[in-house]
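Single-structure report; data block below.
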Amino acid sequence: MFRSMEPLLLQVLRIGFYEIVKLNMPPYAVVDENVKLAKVALRPGAGNMVNGILRKLVLVKENNSLPLPKLEGDSRTQARALATLYSHPVWMVRRWTKYLGQEEAIQLMMWNNSDPSFSLRANAAKGITRDDLVMQLNSLKVPHEVSLHLDDFVRVKIGLQNVIRAGWLKEGLCSVQDESAGLVVSVVDPQPGEDIIDCCAAPGGKTLYMASRLRGKGKVHAIDINKGRLRILKETAKLQKVDGVVDTIHADLRTFAENSPMKSGKVLLDAPCSGLGVLSKRADLRWNRRLEDMKQLKNLQDELLDAASTFVSSGGVLIYSTCSIDPEENEDRVEAFLVRHPEFRIDPVNRYVPSDFVTKQGFYFSDPVKHSLDGAFAARLVRTL
């Protein structure tokens, strides 16, 4: 029935189903509003159909007899059931069940489906402290919690629109940045006076945070293949008063590395990845990402790691990071890199981030379920020769 239904009518029904089943809104109001919507958007007869289907749904829900798939059968059948129950692609469910086990995979999907929280970073380069940010949030009556892990960060669950309307982002007083990304910068550990190469810099969240931690001394060389995003980075650096320590370079890292004599003691490669760690904030990504993408991304990550390594001076460090929770994009890429480049070794991150974020191999890992943050990964790799 639904497969042959016209798309607009199907969308009206989806809205109604979601409001009744997931949001637990008053059924009479949902039925009334969606019937009106169908009549205006389509025709009177469509309103009658919506009325009948939604009223039937309300009855089924009140009798506690919604036709939910049962978690039984072989692993493929169970994965399909979980995919329906928790609204994720089957391939993703199977992958996470393989790596995490079924219980933790379910917890992860529940996290991805929950309302996300956001973090604000006070812009120290403009003289703004976290206390200043807290005071402003109090004045706007925006509920918040200070970060347990980073001195410049405040977590906000609701009220972000109030912050945007107040103009703080436009004025460069603060930035929206997840703590998991801030902790990657902690792994880099920027110090005043250092020259840092940021290999895939745009849109620039980590670039700008590193720049602010240089306190006006040193340089972040921001390389990116996307000219438009790099221009935005440059404009934001000016807005946040860190443009004096940010240098932008428009280039494909792989070809740039072949011809550039640049060397640095610190090189960050925040690699393009699947984004599987940020699905709570990007609900569309789960449906746009395909299993075939993973192989292409892994090849690109390997190529970028090889290119980035050429910039690292002897005794210097290469930081590889992603916003993915997938081992094949994280630990496996580092392991493959070390096989190709025995002149590098792992430098454990326990000196730079809280021990709760340090894996057995000495990598940084932010677990969405465990830490209530976006998923992220980082490894410090020291060049010994």
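The values are calculated or read from the model by the stated rules, or taken from the named source; none is laboratory data. Source: prediction; values computed, not measured. Note: ideal-geometry Cβ built from the backbone for every residue, glycine included; neighbour counts use all protein chains shown. Each accessible area value is taken on the protein alone, full model and side chains, heavy atoms only, with ligands, DNA and RNA left out. Shrake-Rupley method; radii C 1.70, N 1.55, O 1.52, S 1.80 Å.
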Here are a few candidate values for Rg and Dmax of the Cα atoms in Å: [x] 24.0, 76; [y] 40.4, 109; [z] 21.6, 64. Which one was actually calculated from the structure I just gave you? [x]
Might you report the magnitude of the Cβ-based charge dipole of the range 118-176 about its Cα centre, with Lys and Arg at +1 and Asp and Glu at -1, to the nearest 20 debye? 240 debye
Mean-position separation - Cα centroids, the range 31-63 and the range 327-385, in angstrom: 52 Å
Mind pulling the angle between the C-alpha long axis of helix 130-139 and the longest principal axis of the chain? Nearest 10 degrees, somewhere in 0 to 90. 30 degrees
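Roughly how big is the chain's charge dipole about its Cα centre, with Cβ charges of +1 (Lys, Arg) and -1 (Asp, Glu), in debye to the nearest 20? Before the final figure, lay out each step's value.
Numbers: 52 positive and 46 negative charges, 204 e Å.
Magnitude of the dipole: close to 980 debye.
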Enter the Cα centre distance for the pair the range 65-110 and the range 224-268, rounded to the nearest angstrom. 41 Å
Under the rule of -39500 (n - 2.57) per DSSP H run of 4 or more residues, summed and divided by the residues of the chain, what mean residue ellipticity at 222 nm is obtained, to the nearest 500 deg cm²/dmol? -13500 deg cm²/dmol
Per the charge dipole of the chain (beta-carbon charges, Lys/Arg positive, Asp/Glu negative, Cα centre), the residue among SER65, ASN288, GLY167 reaching farthest to the positive end is SER65
State the answer as a single residue: which of TYR352, VAL339, THR207 lies farthest towards the positive end of the charge dipole of the chain, with beta carbon charges of +1 for Lys and Arg and -1 for Asp and Glu, about the Cα centre. THR207
Looking only at aspartates and glutamates whose Cα falls under 17 Å of LYS39's and that sit 8 or more positions away or on another chain, we get GLU6
Could you order LYS238, LYS157 so the one with the most accessible surface comes first? Probe is 1.4 Å. LYS238, LYS157
Got the relative contact order for the chain handy, in percent, Cα pairs under 8 Å and 6 or more residues apart? 12 percent
Under 5 Å between amide H atoms, partner at least 5 residues away or on a different chain: which partners does PHE344 have, H built in plane at 1.01 Å? THR384
Under 29 Å Cα to Cα from LYS98, which lysines show up? Leave out anything in the same chain fewer than 8 places away. LYS22, LYS70, LYS281, LYS295, LYS298, LYS360, LYS370
Row for the range 35-125, column shape: gyration tensor on C-alpha, a ≥ b ≥ c, rounded if a/c < 1.5 i.e. under 1.5, prolate if a/b over b/c, else oblate; value oblate
Value of relative contact order over the range 335-382, rounded to a whole percent, pairs C-alpha under 8 Å and six or more apart: 35 percent
Does anyone have the angle between helix 44-62 and the longest principal axis of the chain? Alpha-carbon axes, 0 to 90°, nearest 10? 80 degrees
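Could you please report the charge total around PRO327, scoring K, R as +1 and D, E as -1 over all other residues with beta-carbon less than 14 angstrom from its beta-carbon? Mind dumping the intermediate values first?
Values: positive: ARG95, LYS98, LYS298, ARG333, LYS360; negative: GLU104, ASP326, GLU328, GLU329, GLU331, ASP332, GLU335, ASP367.
My count for the surroundings of PRO327 gives -3.
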To test your reading of the geometry: what angle, between 0 and 90 degrees and rounded to tens, separates the Cα axis of helix 102-113 from the longest principal axis of the chain? 90 degrees
Using a probe radius of 1.4 Å on heavy atoms only, what accessible surface per residue do you get for the chain? Whole Å² is fine. 50 Å²
For every other residue with a beta carbon closer than 14 angstrom to the beta carbon of GLY16, add +1 if it is Lys or Arg and -1 if Asp or Glu, then tell me the sum. +4
Accessible area, probe 1.4 Å, largest first, for residues LEU285, LEU23: LEU23, LEU285
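Using Cα pairs under 8 angstrom and six or more residues apart, how large is the relative contact order of the range 2-53, in percent?
On the way: 41 pairs, mean separation 17.0, N = 52.
The value is 33 percent.
Give me the net charge for the shell around ALA105: Cβ to Cβ below 15 angstrom, other residues only, Lys and Arg +1, Asp and Glu -1.
Combined, the nearby Lys, Arg, Asp and Glu give +3.
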